[in-house]
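One structure is given below, encoded as structure tokens.
The values are calculated or read from the model by the stated rules, or taken from the named source; none is laboratory data. Just so you know, these numbers come straight off a predicted model, no measurement behind them. A quick note on method: Cβ atoms are made from the backbone with ideal geometry, for glycine too, and the neighbour counts reach across all protein chains shown. The protein model used for the area step is the full one, side chains on, heavy atoms only, and it has no ligands, DNA or RNA in it. Shrake-Rupley method; radii C 1.70, N 1.55, O 1.52, S 1.80 Å.
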Amino acid sequence: MEGLRRFVTSTVMARAEHAMMVRMRSFAPFVATLLVCLIFVPALAQSPEVFPGVDGVELAIDSLTGRRIGVVTHQAAVSRDGRLTMLVLTSLPDVQLSALFAPEHGLGDDAPVAPPAGTPVYSLFGRVTQPTQQMLSRVDVLVIDLQDVGVRPFTYATTMALTMEAARSAGKPVIVLDRPNPMGGLLVDGPVLEPQFRSFIGMYPIPYVHGMTIGELAQLYNKAFGIGADLRVVPMRGWSRRMHWADTGLPWVNPSPGLLTQDSPYYYATTGAIDGTNLWNGVSTDARFQVIVARWIDGARLADRLNRYKLPGVIFSPTVVPLPFSKQVWSGVQLHVMDPAQYKPMTTTVYVLVEIHKMYGNRLVFRRPRRGLALFDRVWGTRQVRLGIMRGDDAATIVARWQPGLQEFLALRQGYLLYPDTPLSDTPAWTKAPDVPGRPQIKLQE
């Protein structure tokens, strides 16, 4: 009996061990995956740390030490740890902050600290758009640190260019502290500005959405477009062109009052371009820049027609928006950017405007001043978009017209990029830099 008991016990144990081994083998892929996740995912989840140019300002310390500096800046110019650029600069040894210059929207109403006592603050928006000789009389070197949003009509890059011109005339060096483009460095869309539409909301022949950082734009403006300032750019660390703002780990500080979240630039790029029409983008409401509405649009019909195009990275839904300080309710569509990496803001705007024109004809109005250029044309940098919509051209045809200009721009900008572009094998051949000595130059028409 004892032998039988031992046999039965050993047989049961063997079968139990066999069953356990079978179960373990069935779990092996799961266990392996779990181990990979535990080992590698935390490392992957830690996105590279991005440091804006102000965090590397020591690279330019030789140009700042013992100098009186003028700073073109605003509340969105902060270091990775949230310090205002003017505070970072004044903490450097033997550096004197002698003047501050504010772009459109000023230094920011909710700026956390006031400028040092006795420091003059000059506005560069409105009647005066660039530093005068008198303003620069107490400045030895100009530092520019502005958070751009990657859209040509956004005026900070224009303020930078005009400041560089003034610095060149006054014989003052310029240091630009670079910052991320919130939409990354790969998104390029919209027509290139034509010279006759040059204005404060667009000075140079670049696309509406240009995919460059403000430091890269400084180099492009200075060399290709002939500003000729004594320019130095302090680059970022850790940034690459595929990064959207969320990838940087940097705090989002509103560069203007209407851009409240890190995805706001995508919507601003899209619906800011309806300026000069009788449509409305919801400014001054919680739906700011996310909608295109009018009193007479059937939002459900428009959303349905637009969604049939399956435009990359975006879907549309019907919406209504109360007009501020009024009992009127405007209707239309709300945009939902689902995939920023695929989204094309200006292409999307054209499809929306063409569809509204198809549905409502001349109820879509492009306002024309008694004199001068139409605002819509100045915003877009061309009249071809407006004329195409009014003629009844389809959206694909209108978008196709600006592609040759985009190709030329992409080749031009290649020589001024501070950060690695996409591998050439991943990009169309026309994005490669021209095989010519030196960097291409463009002469602007007066």
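Summed over region 198-218, the residues that are surrounded by fewer than 23 Cβ atoms within 10 Å (Cβ to Cβ) and of a type in the set (S, T, N, Q) give a count of 1.
Condition first: of a type in the set (D, E, K, R) and buried (at least 19 other Cβ atoms within 10 Å of the Cβ). Can you find one or more residues in region 300-307 that meet it? No, that holds for no residue.
Quick check on my filter: what residues within region 61-70 are surrounded by fewer than 20 Cβ atoms within 10 Å (Cβ to Cβ), touching a Lys or Arg at 6+ places or on another chain (Cβ under 9 Å) and under 22 Å from Ala102 (Cβ atoms)?
The answer is Arg68, and nothing else.
Across region 360-408, the qualifying residues are those that are touching a Lys or Arg at 6+ places or on another chain (Cβ under 7 Å) and of a type in the set (A, V, I, L, M, F, W, C), and the one among them that is nearest to Thr349 (Cα to Cα) is Phe376.
Of the strands (runs of 3 or more DSSP E) lying entirely inside region 87-192, those containing at least 3 residues that are open to solvent by 40 Å² or more (accessible area, probe 1.4 Å) and more than 23 Å from Glu58 (Cβ to Cβ) are 121-123.
Just to be sure before I move on: is Thr73 surrounded by 20 or more Cβ atoms within 10 Å (Cβ to Cβ) and not charged (D, E, K, R) in the structure I sent? Criteria met by Thr73. Out of Pro195, Pro235, one residue alone is within 30 Å of Leu412 (Cβ to Cβ), touching an Asp or Glu at 6+ places or on another chain (Cβ under 6 Å), open to solvent by 10 Å² or more (accessible area, probe 1.4 Å) and at pLDDT 95 or above. It is Pro235.
Being out of contact with any helix residue (DSSP H, G or I) (no Cβ under 8 Å at 6 or more places or on another chain) and either farther than 21 Å from Asn181 by Cα or at pLDDT below 95 (or both) is the requirement here; does Ile69 meet it?
no
Does Gly381 count as surrounded by fewer than 21 Cβ atoms within 10 Å (Cβ to Cβ) and in contact (Cβ under 8 Å) with a residue 24 or more places away in the chain? No; evaluated as a whole, the condition is false for this residue.
For Trp330, the requirement of being in a loop (DSSP other than H, G, I, E, B), modelled with pLDDT of 95 or more and under 19 Å from Leu364 (Cα atoms) is not met. Just to verify a result, which residue in region 363-374, among those that are assigned to a loop (DSSP other than H, G, I, E, B) and open to solvent by 20 Å² or more (accessible area, probe 1.4 Å), is nearest to Ile292 (Cα to Cα)? Among residues in region 363-374 that are assigned to a loop (DSSP other than H, G, I, E, B) and open to solvent by 20 Å² or more (accessible area, probe 1.4 Å), the one nearest to Ile292 (Cα to Cα) is Val365.
Just one residue in the set Thr285, Thr248 is over 28 Å from Arg383 (Cα atoms), out of contact with any strand residue (DSSP E or B) (no Cβ under 7 Å at 6 or more places or on another chain) and among the β-branched types (Val, Ile, Thr); that residue is Thr248.
Restricting to region 262-278, count the residues that are open to solvent by 20 Å² or more (accessible area, probe 1.4 Å) and under 18 Å from Thr319 (Cβ atoms).
Of the residues in that region, 4 qualify.
Annotation note: of Ala300, Ala273, the sole residue that is more than 14 Å from the chain's Cα centre (by Cα), within 24 Å of Met183 (Cβ to Cβ) and not in a strand (DSSP E or B) is Ala273. When region 340-362 is filtered for residues that are open to solvent by less than 10 Å² (accessible area, probe 1.4 Å) and outside any helix (DSSP H, G or I), only Tyr343 remains. Name the single residue that is most open to solvent (accessible area, probe 1.4 Å) among those in region 285-297 being of a type outside the set (D, E, K, R) and under 21 Å from the mean Cα position of the chain (by Cα). For region 285-297, the residue satisfying everything is Gln290. For region 384-405, a residue qualifies if it is surrounded by 20 or more Cβ atoms within 10 Å (Cβ to Cβ) and under 21 Å from the mean Cα position of the chain (by Cα), and the qualifying residues are Val399, Trp402. Criterion first (at pLDDT below 95 and of a type in the set (Val, Ile, Thr)) does Val141 satisfy it? When the stated conditions are applied, Val141 does not pass them.
Pro312: touching a helix residue (DSSP H, G or I) at 6+ places or on another chain (Cβ under 9 Å), closer than 14 Å to Pro345 by Cβ and surrounded by fewer than 17 Cβ atoms within 10 Å (Cβ to Cβ), yes or no? Yes. Checking Pro52, Pro48, Pro93 one by one, the residue that is over 22 Å from Lys172 (Cα atoms) and modelled with pLDDT under 95 is Pro48 and no other.
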